[in-house]
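Below is one structure; the comments refer to it alone.
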Amino acid sequence: MNGGPDVPGRVEITARALASLARAVAAEGLGAPVDRVRVGLADASGALSLDITGPIAASDDIVSGSIRIADQIKGRVSDLTGRRVGSVHIELTGIVRERESRAR
């Protein structure tokens, strides 16, 4: 027994809430203002598939950084939602300079 009362029912997270959560996680990972990041959700054989579009914070190695960020987003969204994330596709639309990311 888990120590808590047995409550009938279940918890569902709407697609809109999933998209908002994924958008916030993606913006944080990319180092971009949340209003410049877009997230699309899809089903990939029962797993969640994320299509992310937005800028990335300036760095020395954007390609390696974006691969690392995709893995982080995948893990974080999975941890927060309890859903399996099968894939994360990131389309970079620009570079965010340090001054711009602080201003928002």
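The values are calculated or read from the model by the stated rules, or taken from the named source; none is laboratory data. Remember, it's a predicted structure, so these values are computed and weren't measured experimentally. Positions of Cβ are backbone-derived with ideal geometry, glycine not excepted, and every protein chain shown enters the neighbour counts. Areas reflect the complete protein model, heavy atoms only, side chains present, ligands, DNA and RNA absent. Shrake-Rupley method; radii C 1.70, N 1.55, O 1.52, S 1.80 Å.
Points to keep in mind about this one:
- If the condition is being assigned to a loop (DSSP other than H, G, I, E, B), closer than 18 Å to ALA24 by Cα and charged (D, E, K, R), then the range 58-83 contributes only ARG83.
- One residue stands out among those in the range 12-22 that are of a type outside the set (S, T, N, Q) and assigned to a helix (DSSP H, G or I): the one that is most open to solvent (accessible area, probe 1.4 Å), which is ARG16.
- Within the range 18-47, being in contact with a Ser or Thr (Cβ under 8 Å, 6 or more places away or on another chain) and of a type in the set (Asp, Glu) holds for one residue alone: ASP43.
- Cβ pairs under 8 Å, 6+ apart, first in the range 21-32 and within 14 Å of ASP79 (Cβ to Cβ), second at pLDDT 95 or above and outside any helix (DSSP H, G or I): ALA22/VAL39; ALA22/LEU41; ALA22/LEU50; ALA22/ILE52
- Residue identified as more than 13 Å from the chain's Cα centre (by Cα), part of a strand (DSSP E or B), surrounded by 14 or more Cβ atoms within 10 Å (Cβ to Cβ) and at pLDDT 95 or above among LEU92, LEU50: LEU92
- Residue in the range 23-37 that is part of a helix (DSSP H, G or I) and at pLDDT below 95 present: no
- Long-range neighbours under 6 Å by Cβ, at least six apart or interchain, first residue in contact (Cβ under 8 Å) with a residue 12 or more places away in the chain within the range 49-69, second among the acidic types (Asp, Glu) and not in a loop (DSSP other than H, G, I, E, B): THR53/GLU91
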